[in-house]
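One structure is given below, encoded as structure tokens.
The values are calculated or read from the model by the stated rules, or taken from the named source; none is laboratory data. Computed from a predicted structure; not experimentally measured. Virtual Cβ from ideal backbone geometry, glycine too; neighbours counted across all protein chains shown.
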Amino acid sequence: MSSGNIFDERIEMMVVSPNTHMLQIARFLRPTLSMQATPSDRPFRPTSTISSFSTHLLKVKFRGWVDPQLNWQVWVDNMKLIYSPVWKRVKIHDAILNSLLKIPQRKSLILWFAEKWSPKTNTFIFPWGEISITLEDMMVLGGFSVLGGPVTCHVESPEDHLTLHKLNKAYTKLVRTPSKRVSFNAWMEKFTCRQKTHEHEAFLALWLSKYLFSSVKNTILPETFQLAILLARGRRIAMAPAVLATLYRDLHILQDAILDVQPGISGMVLPEVFSPMYYVQVWIWERFPCVRPRDLHNTQGKGTRLAQWAGLHNEVTDYGALELGTRKEHFVWRPYARDTNHFLAHKVYNVNGSVRRINNEEVESFARCLRVCKLVGLDINQHYLPHRVSRQFGYAQDIPADTLLVEDNEDPWAKYSTPLLNGNIYIPSKDFEGHVTVRYEEWWEKEPVSPAGPRVPPPPKRRRKKIMAT
């Protein structure tokens, strides 16, 4: 049985416990390797020992990890009074509120995980399997939508073009200062004190530039203007894939830097990363209770999922404890299944698993998380391979097939946005955790014959958009 290009249902010999195999009906995310095909080697785990030279690596700058400031809190509060209904309609309300939270930075924890990142598969490689940050994580932790238009879409109406002209004009005037850039404070002062016109669009442009798609320290990015205008007009944008693409990019950059750093060698220029890396840290805490802080904030019925981690410090500081705390038995496969604050738990996940028609946006959102695609961001596209981490969605895991997502001359957004409505999707029980097939277990336990091969080059730096003076 199959449904579209998302899942298969078949009888397989499954590993139901360490010493027990059983024939079962199981559901798998597509594509899985055919029985006739010879599997390629499983992903190779890097062998560097990060603990031996972590002092130098800790100098890496997380530029997208910014603490909230009082003036930003005031601006959010003022805008929320007026535009909260719009934010909820376009699914950015919780994401904006997340920008007010202070998540203490645990850089060593993120670097330890980044060392295990595979840029070929966009997954973390552990001795016991692959895991990853998914679109589901971005929906629940980030408050972002997987539905809507791409972040690369453009304004069309004359009114929106006029607003774009006004924002560009304000930017051009401010950029003529000696610093040759527009700082967040200068932008905020202009639109909160002297120019109330287009304040909402300017507010969203700052939020996008500072908290989601930063590429230069403390600088407004003109490439966010059209996106800000569309959001202000009430048009929903698929922010989840765009933000996730930046996290994948920066995990690749960090992993590349870790491989470059050698014990006893100093003076290497370390990279800066600009994505909101606190989502990676909180993802780790959500998935591995043994390395998370104690005494989480109770946000049931109020606040965002991210808010339960605000201001908390984890107590695991040495790498030996991390090795113990990240064993397979400690990994939480489905941490959000009972989060009644989020629509997935009370509108999608049920006590009993069932095949559902994709006939509403809640079920469609879950289905989007399950489909192989390319994530479309601002000047960056990243492979999204949920079939490699099927158990995180309650599905069974078989050997994943390699997949060619999009040809160079094809539009990745067309693949991502292929309609799903009126198709079928299997939604596992909220209590179910999938098993692996016997052949997957045998494949994973077999060490790769050769090392990882040529390193995947890190993605290029994002090109800055230039605004012509007017």
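Annotation note: Cβ proximity below 7 Å between a residue of the stretch 349-362 that is surrounded by 12 or more Cβ atoms within 10 Å (Cβ to Cβ) and a residue that is modelled with pLDDT of 90 or more and assigned to a loop (DSSP other than H, G, I, E, B) (sequence gap 6+ or interchain) occurs for Y349/K430; N350/K430; G353/P428; G353/F432; E361/L147. Residue count for the stretch 72-106 satisfying the condition of being among the charged types (D, E, K, R), surrounded by fewer than 18 Cβ atoms within 10 Å (Cβ to Cβ) and closer than 20 Å to W283 by Cβ: 1. Does F28 fit the bill of being surrounded by 15 or more Cβ atoms within 10 Å (Cβ to Cβ), within 30 Å of the chain's Cα centre (by Cα), at pLDDT below 95 and not hydroxyl-bearing (S, T, Y)? No: the conditions fail for F28. Take S118 and decide whether it is out of contact with any Gly (no Cβ under 6 Å at 6 or more places or on another chain), free of Cβ contacts under 8 Å to residues at least 24 places away in the same chain and of a type in the set (S, T, Y). Here the answer is no, as S118 does not meet what is asked. Checking each residue of the stretch 70-88 against the condition of being touching a Gly at 6+ places or on another chain (Cβ under 6 Å) and modelled with pLDDT of 95 or more gives at least one match.
Can you tell me which residues in the stretch 271-302 are in a loop (DSSP other than H, G, I, E, B) and touching a residue at least 24 places away in the same chain (Cβ under 8 Å)?
Within the stretch 271-302, P271, F274, S275, P276, M277, F288, T299, Q300, G301 qualify.
Would you say G311 is surrounded by 13 or more Cβ atoms within 10 Å (Cβ to Cβ) and either part of a loop (DSSP other than H, G, I, E, B) or at pLDDT 90 or above (or both)? When the stated conditions are applied, G311 does not pass them.
Can you confirm whether the stretch 446-458 contains a residue that is under 30 Å from V363 (Cβ atoms) and either surrounded by fewer than 18 Cβ atoms within 10 Å (Cβ to Cβ) or modelled with pLDDT under 90 (or both)? Looking through the stretch 446-458, none of the residues is under 30 Å from V363 (Cβ atoms) and either surrounded by fewer than 18 Cβ atoms within 10 Å (Cβ to Cβ) or modelled with pLDDT under 90 (or both).
The residue that is surrounded by the most Cβ atoms within 10 Å (Cβ to Cβ), among those in the stretch 155-180 that are over 13 Å from L230 (Cα atoms) and of a type in the set (V, I, T), is V175. Scan the stretch 239-259 and give yes if some residue there is crowded, with 21+ Cβ neighbours inside 10 Å, among the aromatic types (F, W, Y), under 26 Å from V60 (Cα atoms) and in contact with a strand residue (DSSP E or B) (Cβ under 8 Å, 6 or more places away or on another chain), otherwise no. Yes.
Residue by residue, here is whether (1) charged (D, E, K, R); (2) closer than 16 Å to T134 by Cβ; (3) at pLDDT below 90 holds:
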position	(1), (2), (3)
I358	no, no, no
E362	yes, no, no
F366	no, yes, no
S390	no, yes, no
F393	no, yes, no
D402	yes, no, yes
W413	no, no, no
P419	no, no, yes
N422	no, no, yes
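Out of all the residues in the stretch 245-262, is one or more under 17 Å from F144 (Cβ atoms) and either charged (D, E, K, R) or modelled with pLDDT under 95 (or both)? Taking every residue of the stretch 245-262 in turn, at least one turns out to be under 17 Å from F144 (Cβ atoms) and either charged (D, E, K, R) or modelled with pLDDT under 95 (or both).
Applying the condition of being of a type in the set (A, V, I, L, M, F, W, C), over 18 Å from Q392 (Cβ atoms) and surrounded by fewer than 20 Cβ atoms within 10 Å (Cβ to Cβ) to the stretch 112-154 and asking which residue is farthest from the chain's Cα centre (by Cα) yields C153. Screening the stretch 179-253 for helices (runs of 4 or more DSSP H) wholly inside it with 3 or more residues that are of a type in the set (D, E), in contact with a Gly (Cβ under 6 Å, 6 or more places away or on another chain) and within 30 Å of T121 (Cα to Cα) returns no ranges. Checking each residue of the stretch 330-340 against the condition of being under 20 Å from L111 (Cα atoms), surrounded by 12 or more Cβ atoms within 10 Å (Cβ to Cβ) and within 23 Å of the chain's Cα centre (by Cα) gives at least one match. Run down S209, S214 and say which single residue is of a type in the set (S, T, Y), buried (at least 22 other Cβ atoms within 10 Å of the Cβ), closer than 29 Å to N381 by Cα and modelled with pLDDT under 95. None of the others qualify; the one that does is S214.
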